[in-house]
1. Work out from phi, with θ = phi - 60° and the Karplus expression 6.51 cos²θ - 1.76 cosθ + 1.60, the ³J(HN,Hα) of each residue of region 215-226, listed in order in whole Hz, and give x for Gly and Pro.
2. State to the nearest 20 debye the size of the charge dipole of region 45-144 about its Cα centre, where the only charges are +1 on K and R beta carbons and -1 on D and E beta carbons.
3. Quick check: net charge around Ser34, other residues with Cβ under 14 Å of its Cβ, Lys/Arg +1 and Asp/Glu -1?
4. Using a simple spin-label model with points 7 Å from Cα along the Cα→Cβ vector, what separation in nm is obtained for Lys217 and Thr72?
5. Each label point is 7 Å from the Cα along the Cα-to-Cβ direction; what then is the distance between the points at Gln145 and Cys17, in nm?
6. How much area per residue is accessible in region 8-160 when the probe is 1.4 Å and only protein heavy atoms are counted (Å²)?
7. Spelling out what I want: for every residue of region 189-195, take phi, set θ = phi - 60°, compute 6.51 cos²θ - 1.76 cosθ + 1.60 (Karplus), and round to whole Hz; glycine and proline get x.
8. For the chain, what is Rg from Cα atoms divided by 2.2 N^0.38 Å, rounded to two decimals?
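The values are calculated or read from the model by the stated rules, or taken from the named source; none is laboratory data. Since the model is a prediction, treat every value here as computed from it, not as a measurement. When we count neighbours, we look across all protein chains shown, and the Cβ atoms used for this are built from the backbone with ideal geometry, even at glycine. What goes into the accessible areas is simple: the full protein's heavy atoms, side chains included, and nothing from ligands, DNA or RNA. Shrake-Rupley method; radii C 1.70, N 1.55, O 1.52, S 1.80 Å.
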Amino acid sequence: MHAVGKRKKAEPKDFSCSECWQLNCYRRDKRFPSFCQTEAIQPAELKRVTKKYQGRGPDARIAHAAAEVEGTYYGKLTRVEETIAFANRIGARKIGIATCIGLADETRIFVKVLKANGLASHTVLCKVGSVDKSAIGIDDGLKIQKGTHESICNPILQAKLLNDRKTDLNVMVGLCVGHDSLFSKHSHAPVTTLITKDRVLGHNPAAALYGCGFYYKRLLSEGRHL
Ligand code: SF4
């Protein structure tokens, strides 16, 4: 058992958007709280960031495509369809897919969907390169099946191979927590997520948050040291 110290009372100076109930930055129909980050930002800084969404630069193109998909299809299209609509609007023709081995079947179906919508694709599985976990110093005890060859997930190689193919948009399908960080870091093309892996909750991590009032109340236990 870990001793749990008395929790320090949070003060407004520690607050961020998660402690805000007004959410006034959305429609400006309420009030900004005292700790508001919209109120605190320097006008010149806000202008500098906003400029990135204007004109025809790469960030602007993505922002406008995303807004168009949201505004046109709000609540009408599935994420799979929205991904295609987004790809079309940024002019992507070749879609890179960085997939988890555990979602290879779903990826095969996604490839068919892309093809039906006139989009080419190239898939790289997480185990590409087939490098055993021991080669990067991971203990045998951490393998899922001890004493066997068990390849690392290789998100940097996934990104490199898709970079070599000059894909226009890369889609992550169920990459592990952390492997997705490395893939995003090393991908040259913009990255979007189709499936967020949750091995326990059928790839719906939000379910843990929906259920934390009762079934998943352990999420709110302190001192677990996960
Ligand atoms: S930016 Fe301000 S108004 Fe918006 S959520 Fe954060 S604190 Fe609330």
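1. Calculated HN-Hα couplings, in order: 5, 10, 5, 4, 4, 9, 6, 8, x, 7, 6, 5 Hz.
2. Taking the Cα centre of region 45-144 as origin, the dipole is about 540 debye.
3. Within the 14 Å Cβ shell, the charges total -1.
4. 4.7 nm
5. 4.4 nm
6. 70 Å²
7. Once θ is set to phi - 60°, the couplings for region 189-195 become 7, x, 10, 10, 10, 8, 10 Hz.
8. It is 1.25.
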